[in-house]
Amino acid sequence: MSKLIFIVDDEQAISKLLSFWVKDKWGYDVEVFANSEAMLKNMSAKPDIILLDIMLPGLDGIETLQRIKQIDENLPVIMLSAQGSIEVAVDSLRDGAYDYFPKPIDQQRLELAVKNAIKSHDLTREIQRLKETVQREYSFENIITADRKMQDVFKLVTKVMNNTITVLIYGESGTGKELIAKAIHYNGDRKDKPFVIVNCASIPRELLESELFGHERGSFTGAHQQKKGKFEIANGGTIFLDEVGELEMLLQAKLLRVIQEKEFERVGGTELIKTDVRIISATNRDLKIAVEEKAFREDLYYRLNSFPIYVPPLRQRKGDVLVLAEYFINEFNKKLGKEIKGFTKRALKLIYEYDWPGNIREMENTIERCLIITENDVVDVEDLPSHLRTAENMASVDYAGPLFSNETIVPFEKLKEEAIRHALKVTKGNIVEAAKRLHLGRATIYRLMEKYSIENRAYSE
């Protein structure tokens, strides 16, 4: 797409020369104006760059530059002047001009300046477009839910968007913890600053310290140059520590210091680096249990857990299952170029009744697979993965009897759930006795009861 350049100069000979260069030699579209007032009335044409003379009748170039910047602060303006004084150049640049050229104008230098200015303007617009896209994507309106539990989560999120308190988001894998973290950042007062993600479980432990805090040249084998860490990169913004429960003790101590003192040192360095970073963490582990087992520092746990947000699993948000299923159908129709209308009643029943241990991530992948393989305009039972299809027979399986007496294969998660339920039934809700007979710790029993939504009073009455 051709770029549009405005030329504003009251000298006809100069205007014709510039127009010849811009249009005939450089290949850009051009509009020529003899004064600033006429040019400003045509700003709706959205030029990509303006070549602006300083000495103009009526509104002079410097005042015109100021008005242009009020309309579009990022629009590049190259100032032209026959005066050629340093003071004029300094005034122009101070008021936001991209560059300054004295007359007579050097054609080659001006062509290069125009190319660079257009490239810079395109990049600025693309960055702004991406920012706006990201902010729309992570606005609350784009988090798909119809469940009251998630509405409660949103209420908590609105309380912490515009402050610096550390937030711990906990819940099972695939529930959307990262999405909640992004909603906090991109709806808050740090939305124009960096949002940096670190997955503490996916980076090798020996590299994680360098990834978080950076390193100095020569600090270890392979450290050929200085590297900034994520805390430095995220300065002024937010750092999201996903799976924070996987941090080893040495890094936990260093993270605690960053939270308390807002400073750190690079690996192999001695310089104290100050940082203003909002910390949001997430975990699918029960950090209370990790503290009890001496696998996680208690002081760090309380620092990270200043404002806890629990994201419930999909099986506890049945109101969201059908809403999300319809949403993913529409999204993958666009992506795959299909026109699938929905699900048959039998298929929808299985989708609704399935526990979704992988939560929203599992549902998303499952529905994409269904749309890829179906040859009809609706998704039927035969299009569902085998573990969903066998769920039709699960209700008839007698878990109190022999579990492996026929060809039915029971999902492992279901076996664990039924083992807990059966133990509580036999012990009449005595958790200590149930834990003892299952050879599990009490903390583990409580965690699994929460995971499978098991109410103890149902067995103790």
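Can you tell me which residue in the range 117-151 is modelled with the highest pLDDT, limited to those that are more than 21 Å from Arg361 (Cα to Cα) and of a type in the set (Asp, Glu)? If you could, list the steps in order and put the result at the bottom.
Residues of the range 117-151 that are more than 21 Å from Arg361 (Cα to Cα), as a first pass: 117-133, 135.
Add one more test, that the residue is of a type in the set (Asp, Glu), and what stays is 122, 126, 132.
On the way: Asp122: 87, Glu126: 75, Glu132: 59.
Result: Asp122.
Name the one entry in Lys193, Lys228, Lys182 that is surrounded by fewer than 16 Cβ atoms within 10 Å (Cβ to Cβ), farther than 18 Å from Phe296 by Cα and either touching a residue at least 12 places away in the same chain (Cβ under 8 Å) or β-branched (Val, Ile, Thr) (or both). Step through it out loud before you land on a result.
Working: Lys193 fails: surrounded by fewer than 16 Cβ atoms within 10 Å (Cβ to Cβ); Lys182 fails: surrounded by fewer than 16 Cβ atoms within 10 Å (Cβ to Cβ).
From the options Lys193, Lys228, Lys182, the qualifying one is Lys228.
Just to verify a result, which residue in the range 196-210, among those that are under 22 Å from the mean Cα position of the chain (by Cα) and either crowded, with 18+ Cβ neighbours inside 10 Å or among the β-branched types (Val, Ile, Thr) (or both), is nearest to Val277 (Cα to Cα)? Give the steps one after another, and end with the answer.
Here is the first cut: in the range 196-210, the ones under 22 Å from the mean Cα position of the chain (by Cα) are 196-203, 208.
If we keep only those that are either crowded, with 18+ Cβ neighbours inside 10 Å or among the β-branched types (Val, Ile, Thr) (or both) as well, we get 196-198, 200, 203, 208.
On the way: Val196: 10, Ile197: 12, Val198: 14, Cys200: 17, Ile203: 21, Leu208: 18 Å.
So the residue we want is Val196.
In the range 437-453, which residues are within 25 Å of Leu287 (Cβ to Cβ) and in a helix (DSSP H, G or I)?
So the first thing to find is which residues in the range 437-453 are within 25 Å of Leu287 (Cβ to Cβ), and the list is 438-453.
Leu438, Arg442, Ala443, Thr444, Ile445, Tyr446, Arg447, Leu448, Met449, Glu450, Lys451, listed by residue number.
Can you pull out every residue in the range 1-37 that is part of a strand (DSSP E or B) and buried (at least 19 other Cβ atoms within 10 Å of the Cβ)? It would help to see each step written out before you state the result.
Just the residues of the range 1-37 that are part of a strand (DSSP E or B), to begin with: 4-8, 29-33.
Matches in the range 1-37: Ile5, Phe6, Ile7, Val8, Val30, Val32, Phe33.
Taking into account only those residues within the range 241-274 that are free of Cβ contacts under 8 Å to residues at least 60 places away in the same chain and acidic (Asp, Glu), which is surrounded by the fewest Cβ atoms within 10 Å (Cβ to Cβ)?
The qualifying residue surrounded by the fewest Cβ atoms within 10 Å (Cβ to Cβ) is Glu271.
Does Glu382 satisfy the condition of being surrounded by 15 or more Cβ atoms within 10 Å (Cβ to Cβ) and at pLDDT 85 or above?
On the way: surrounded by 15 or more Cβ atoms within 10 Å (Cβ to Cβ): no; at pLDDT 85 or above: yes.
Here the answer is no, as Glu382 does not meet what is asked.
Please verify whether Asp53 is crowded, with 20+ Cβ neighbours inside 10 Å and acidic (Asp, Glu), treating the condition exactly as stated. Walk me through how you get there before you give the answer.
Details: crowded, with 20+ Cβ neighbours inside 10 Å: yes; acidic (Asp, Glu): yes.
Spelling it out, Asp53 is indeed crowded, with 20+ Cβ neighbours inside 10 Å and acidic (Asp, Glu).
Every residue, every condition in (1) part of a loop (DSSP other than H, G, I, E, B); (2) crowded, with 16+ Cβ neighbours inside 10 Å, yes or no:
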site	(1), (2)
Ile279	no, yes
Ala290	no, yes
Pro308	no, no
Pro312	yes, yes
Asp320	no, yes
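I'd like the full set of residues that are more than 13 Å from Lys451 (Cα to Cα), among the β-branched types (Val, Ile, Thr) and part of a helix (DSSP H, G or I), limited to the range 412-436. Lay out the reasoning, then the answer.
Taking the range 412-436 first, the residues more than 13 Å from Lys451 (Cα to Cα) are 412, 415, 419, 422-436.
Next, from what is left, pick out any that are among the β-branched types (Val, Ile, Thr): 426-427, 431-432.
Listed by number, the residues that qualify are Val426, Ile431, Val432.
Which members of the range 341-352 meet the condition of being in a helix (DSSP H, G or I) and surrounded by 15 or more Cβ atoms within 10 Å (Cβ to Cβ)? Walk me through how you get there before you give the answer.
So the first thing to find is which residues in the range 341-352 are in a helix (DSSP H, G or I), and the list is 345-352.
Scanning the range 341-352 gives Ala347, Leu348, Leu350, Ile351.
Quick grid of which residues meet (1) at pLDDT 85 or above; (2) more than 26 Å from Pro312 (Cβ to Cβ):
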{"residue": "Ile372", "(1), (2)": "yes, yes"}
{"residue": "Asn393", "(1), (2)": "no, yes"}
{"residue": "Tyr399", "(1), (2)": "no, no"}
{"residue": "Ser405", "(1), (2)": "no, yes"}
{"residue": "Leu415", "(1), (2)": "no, no"}
{"residue": "Leu440", "(1), (2)": "no, no"}
{"residue": "Arg447", "(1), (2)": "no, no"}
{"residue": "Ala458", "(1), (2)": "no, no"}
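Identify all residues within the range 81-114 that are touching a Leu at 6+ places or on another chain (Cβ under 7 Å) and in a loop (DSSP other than H, G, I, E, B); write none if there are none.
Asp95, Gly96, Ala97, Lys103, Ile105
Looking at the range 180-200, can you tell me whether even one residue there is in a loop (DSSP other than H, G, I, E, B), touching a helix residue (DSSP H, G or I) at 6+ places or on another chain (Cβ under 8 Å), hydroxyl-bearing (Ser, Thr, Tyr) and within 30 Å of Gln151 (Cα to Cα)?
No: zero hits.
What number of residues within the range 189-212 satisfy the criterion of being in contact with a Ser or Thr (Cβ under 8 Å, 6 or more places away or on another chain) and farther than 12 Å from Gly229 by Cβ?
Of the residues in that region, 4 qualify.
Those residues that are among the charged types (D, E, K, R) and either out of contact with any Leu (no Cβ under 9 Å at 6 or more places or on another chain) or closer than 16 Å to Val323 by Cα (or both), I need them from the range 338-368; list them, please.
Within the range 338-368, the first condition is being among the charged types (D, E, K, R), and the residues that meet it are 338-339, 341, 345-346, 349, 353, 355, 361-362, 364, 368.
Within the range 338-368, Glu339, Lys341, Lys345, Arg346, Lys349, Glu353, Asp355, Arg361, Glu362, Glu364, Glu368 qualify.
Does Ile165 meet the test of being within 30 Å of Lys451 (Cα to Cα), surrounded by fewer than 17 Cβ atoms within 10 Å (Cβ to Cβ) and in contact with a Lys or Arg (Cβ under 9 Å, 6 or more places away or on another chain)?
For Ile165, the condition - within 30 Å of Lys451 (Cα to Cα), surrounded by fewer than 17 Cβ atoms within 10 Å (Cβ to Cβ) and in contact with a Lys or Arg (Cβ under 9 Å, 6 or more places away or on another chain) - is met.
Give the residues of the range 346-374 that are charged (D, E, K, R), without any contact (Cβ under 8 Å) to a residue 60 or more places away in the chain and under 24 Å from Leu179 (Cα atoms), sorted by residue number.
We begin by selecting, within the range 346-374, every residue charged (D, E, K, R); these are 346, 349, 353, 355, 361-362, 364, 368-369.
After this cut, where a residue has to be without any contact (Cβ under 8 Å) to a residue 60 or more places away in the chain as well, the list is 346, 349, 353, 355, 364, 368-369.
Listed by number, the residues that qualify are Asp355, Glu364, Glu368, Arg369.
The values are calculated or read from the model by the stated rules, or taken from the named source; none is laboratory data. Every value quoted in this text rests on a predicted model; they were computed, and no experiment measured them. Please note: Cβ atoms are built from the backbone with ideal geometry, for glycine as well, and neighbour counts cover all protein chains shown.
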